[in-house]
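Okay, so here's the structure we're looking at.
The values are calculated or read from the model by the stated rules, or taken from the named source; none is laboratory data. The structure presented is a predicted model; accordingly, all values stated were derived computationally and were not measured. All Cβ positions, even for glycine, are placed from backbone atoms using ideal geometry, and neighbour counts span all protein chains on display. For the accessible areas, the whole protein counts, side chains as well, though only heavy atoms, and no ligand, DNA or RNA atoms are used. Shrake-Rupley method; radii C 1.70, N 1.55, O 1.52, S 1.80 Å.
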Amino acid sequence: MIVSDRKAQLSVFLDLLGAELDVPEHVDRELRAAYDDLAEFLREDPLRAGAEVYPQGSRRIGTMIRPVKEDDDYDVDLVFRRNILKTSTTQQRLKEWVGEQLRAFVELKRKRRPATAPTLSEGSRCWTLTYPSGFHLDVLPAIPNDGPSPTDSILITDREVRLWQVSNPRGYANWFRARSERSFLAERARLAKSRGVEIEAIPEDDVKTPLHRAVQLLKRHRDIRFDGPSDDKPASILITTLAGLAYAHGDSLYAAIGHVFGHLLEGIEEHDGVIWVGNPVDPEENFADRWRAHPERAQSFLRWARDAKADFERAGLAPGLDEVAKSLGAAFGVGAAKRAAVRLGEAARTQRERGSLRISSSGTLGRSGSRPVKDHTFYGS
């Protein structure tokens with residue numbers, strides 16, 4: 001069963017590599033505390049009744065990754081939703097009102113803890129709170145969409161366009177979760193068993209399915225390929241959507257991630273001569289709409305996706321642990337791959353000596369897996 005062992009060990013390596021891309025726990029706590037602090041501020045004043053703040057994008061769906069460079073900022077996207085009707089405001093008035101609340105929030109932080117208080121700046125669609133400890137919150141003003149759209153649908157501001165823009169970050173997160181529901185439930189149960197707690201005690205944020213890992217790896221490959229600001233850099237929403245469409249539950253983490261890399265481009269369609277990547281919760285929205293005016297970005301995306309597939313496949317063919325680490329390092333970060341290799345070697349050696357090292361069906365290393373690891377090194381080399 002050499003092939004089976006090979007897939008299993010590659011799966012373990014990929015899971016460890018993905019864990020190296022996760023946001024560190026201390027940073028995660030700081031980010032959560034920052035937007036919880038803002039949410040509490042809104043609840044304190046009755047004039048802001050009905051307003052709420054919640055995360056969107058990678059923070060909400062669990063695919064956020066640490067920056068390639070240690071001194072780069074972490075970026076969290078938030079929705080600032082005010083519960084009023086569209087007929088009672090305009091885009092400009094809503095944007096200004098949210099700005100006023102955020103300025104009041106910043107002033108309060110300066111009075112209480114000036115050393116940690118954020119600064120506020122305005123963009124075309126959102127406001128940005130920049131914290132001195134190395135992260136910023138992009139706050140998007142929004143109101144409920146009172147049209148025939150789903151309940152979670154919102155209307156957002158953009159000073160570059162006249163009409164309200166429609167979005168649904170909660171609906172999108174639900175769609176992404178549903179794409180890997182089977183894997184999500186299985187992994188949550190495995191974590192609960194390994195920690196000796198009830199399933200409900202495992203925070204959803206702790207659960208990483210093969211789809212989560214695939215998106216994280218794709219985003220890291222992109223960040224390394226497109227080092228620095230670039231208009232050609234593939235958007236995260238395109239990567240995440242196409243990965244979600246490509247995902248299929250596999251017999252191992254390695255197989256599932258490989259399927260995403262191999263079928264990523266199959267979600268790109270053509271509607272009346274226009275390249276189309278539809279929003280799964282709003283089919284009228286085309287996430288690739290900007291490619292119409294910038295066809296070079298579409299070509300750049302296609303080249304990058306094909307290169308990512310080739311790099312992943314090349315790593316899978318490497319003959320030994322050192323070669324796998326080197327190949328994955330070139331594609332997804334040398335430091336992360338080296339640390340994953342060290343963790344794999346240390347965990348395998350320690351638990352194999354105790355006779356307790358096992359691998360789950362998804363490729364996670366630990367004591368709660370379904371079968372023991374044989375007494376040999378990576379690929380038997």
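Within the range 153-186, restricting attention to residues that are among the polar types (S, T, N, Q) and outside any loop (DSSP other than H, G, I, E, B), which residue is modelled with the lowest pLDDT? Give the steps one after another, and end with the answer.
Restricting attention to the range 153-186, the residues satisfying the condition of being among the polar types (S, T, N, Q) are 153, 157, 165, 167-168, 174, 180, 183.
Filter once more, so that each one left must be outside any loop (DSSP other than H, G, I, E, B): 165, 167, 174, 183.
Details: Q165: 87, S167: 91, N174: 95, S183: 92.
Of everything passing the filter in the range 153-186, Q165 is modelled with the lowest pLDDT.
Would you mention how many residues in the range 38-65 are assigned to a helix (DSSP H, G or I), open to solvent by less than 60 Å² (accessible area, probe 1.4 Å) and in contact (Cβ under 8 Å) with a residue 40 or more places away in the chain? Talk me through it step by step, then tell me what you get.
Step one: of the range 38-65, the residues assigned to a helix (DSSP H, G or I) are 38-44, 46-48, 58-61.
Checking the rest, the ones that are also open to solvent by less than 60 Å² (accessible area, probe 1.4 Å) come to 38-39, 41-42, 48, 58-59, 61.
In the following step, the residues that additionally are in contact (Cβ under 8 Å) with a residue 40 or more places away in the chain were identified as 38, 41-42, 48, 58, 61.
Number satisfying all stated conditions: 6.
Being under 29 Å from G244 (Cβ atoms) and more than 25 Å from the chain's Cα centre (by Cα) is true for just one of D146, D152, D138. Which residue is that? Quick ask: steps written out before the conclusion?
On the way: D152 fails: more than 25 Å from the chain's Cα centre (by Cα); D138 fails: more than 25 Å from the chain's Cα centre (by Cα).
Criteria check complete, one pass: D146.
Condition test on D289, is it on the phi > 0 side of the Ramachandran plot, out of contact with any Phe, Trp or Tyr (no Cβ under 8 Å at 6 or more places or on another chain) and open to solvent by 70 Å² or more (accessible area, probe 1.4 Å)? Steps first, answer last, please.
Details: on the phi > 0 side of the Ramachandran plot: no; out of contact with any Phe, Trp or Tyr (no Cβ under 8 Å at 6 or more places or on another chain): yes; open to solvent by 70 Å² or more (accessible area, probe 1.4 Å): yes.
It is false that D289 is on the phi > 0 side of the Ramachandran plot, out of contact with any Phe, Trp or Tyr (no Cβ under 8 Å at 6 or more places or on another chain) and open to solvent by 70 Å² or more (accessible area, probe 1.4 Å).
Tell me the residue from L137, L120, L163 that is touching a Leu at 6+ places or on another chain (Cβ under 6 Å) and open to solvent by 40 Å² or more (accessible area, probe 1.4 Å), please.
Numbers: L137 fails: open to solvent by 40 Å² or more (accessible area, probe 1.4 Å); L163 fails: touching a Leu at 6+ places or on another chain (Cβ under 6 Å).
None of the others qualify; the one that does is L120.
Yes/no per residue for (1) among the aliphatic types (A, V, I, L, M); (2) over 22 Å from M64 (Cα atoms):
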site	(1), (2)
S167	no, no
Y172	no, no
R195	no, yes
I199	yes, yes
P203	no, no
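Return the residue satisfying two criteria in turn: it lies in the range 67-86 and is of a type in the set (D, E) and assigned to a loop (DSSP other than H, G, I, E, B), and of such residues it is nearest to L21 (Cα to Cα). Explain how you work it out, then say what you get.
Let us first name the residues in the range 67-86 that are of a type in the set (D, E), namely 70-73, 75, 77.
So of that shortlist, the ones also assigned to a loop (DSSP other than H, G, I, E, B) come out as 70-73.
Working: E70: 12, D71: 15, D72: 14, D73: 15 Å.
Here the residue is E70.
As an exercise: evaluate D15 against (1) open to solvent by 30 Å² or more (accessible area, probe 1.4 Å); (2) touching a Leu at 6+ places or on another chain (Cβ under 9 Å); (3) more than 18 Å from K208 (Cα to Cα); (4) not polar (S, T, N, Q) and give the number of the one condition it does not meet.
The single condition D15 does not satisfy is (3).
Tell me whether the range 200-210 contains one or more residues that are of a type outside the set (S, T, Y), open to solvent by 70 Å² or more (accessible area, probe 1.4 Å), over 22 Å from Y254 (Cβ atoms) and touching a residue at least 60 places away in the same chain (Cβ under 8 Å).
yes
Would you check which residues across the range 66-93 are aliphatic (A, V, I, L, M), modelled with pLDDT under 95 and open to solvent by less than 50 Å² (accessible area, probe 1.4 Å) and list them? Even if it seems obvious, please write down each step before you answer.
So in the range 66-93, the residues aliphatic (A, V, I, L, M) come out as 68, 76, 78-79, 84-85.
Now narrow it down to the ones that are modelled with pLDDT under 95: 68, 84-85.
Hit for the range 66-93 is I84, nothing else.
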